[in-house]
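Report on the following structure.
The values are calculated or read from the model by the stated rules, or taken from the named source; none is laboratory data. Values in this document were obtained by computation on a predicted structure and should not be read as measured data. Please note: Cβ atoms are built from the backbone with ideal geometry, for glycine as well, and neighbour counts cover all protein chains shown.
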Amino acid sequence: MKIVLYQPDIAQNLGAAMRLCACFDVSLAVIEPCGFPLTNKALRRTAMDYAANIELIRYKNWEEFVDSQAKQGGRTPRALPRGRIVLLSTKASTDITDFEFRANDILLFGQESAGVPEEVHQASHERIYIPISKNTRSLNLVSSASIALFEALRQTA
């Protein structure tokens, strides 16, 4: 299981995601550019003492991420045997409670301000959403990641 953040806007969310991944022993990847300076000093400050307990992978952009996944799987991104890209999106049509996770899934989360562009939607193997009140727009990024990761780990344990 891996969490991937697509161009996060808020440094504190990255820090919280690092803590989440450390607590559940999963790796974290960030697809840049970010909406904040992503320096080693900033990472140490935002992640506190959790940074030493996770694998943080950085990609310069979406294309580098896709290329790395294709190389790992030896195929095109849509046919990766090593893991499906599962996009969490308010625009998805599959409810998380109706979805069957696999142990090697890659949980992808978009920008806090804008989600992900259409090309990322199209490149994702699966698109799911977390049901929330009709009177609200969305959950916080790390709240969504926590719910999705816990459900994925619960199903695949």
Study note, to complete from the structure: Flagged pairs (Cβ under 9 angstrom, 6 or more apart or on separate chains; first in the range 110-138, charged (D, E, K, R); second in a helix (DSSP H, G or I)) are Glu112/Asn13; Glu112/Leu141; Glu119/Trp62; Arg127/His121
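Take the range 97-139 and flag every residue that is part of a strand (DSSP E or B) and among the hydroxyl-bearing types (Ser, Thr, Tyr). I'd like the intermediate steps shown before the answer.
Residues of the range 97-139 part of a strand (DSSP E or B): 106-109, 111, 115, 126-129.
Across the range 97-139, the qualifying residue is only Tyr129.
This table checks each residue for (1) in contact with a Gly (Cβ under 7 Å, 6 or more places away or on another chain); (2) under 25 Å from Lys71 (Cα atoms).
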site	(1), (2)
Ala92	no, no
Phe109	no, yes
Val116	yes, yes
Glu119	no, yes
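If a residue must be surrounded by 15 or more Cβ atoms within 10 Å (Cβ to Cβ) and assigned to a loop (DSSP other than H, G, I, E, B), how many such residues does the range 1-34 contain?
Here is the first cut: in the range 1-34, the residues surrounded by 15 or more Cβ atoms within 10 Å (Cβ to Cβ) are 1-11, 13-22, 24, 26, 28-32, 34.
With the extra rule that they be assigned to a loop (DSSP other than H, G, I, E, B), the set shrinks to 1, 7-10, 26, 32, 34.
Selection size over the range 1-34: 8.
This table checks each residue for (1) touching a Cys at 6+ places or on another chain (Cβ under 7 Å); (2) farther than 17 Å from Leu153 by Cα; (3) modelled with pLDDT under 95.
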{"site": "Ala70", "(1), (2), (3)": "no, yes, yes"}
{"site": "Arg75", "(1), (2), (3)": "no, yes, yes"}
{"site": "Gly83", "(1), (2), (3)": "no, no, yes"}
{"site": "Asp98", "(1), (2), (3)": "no, no, no"}
{"site": "Asp105", "(1), (2), (3)": "no, no, no"}
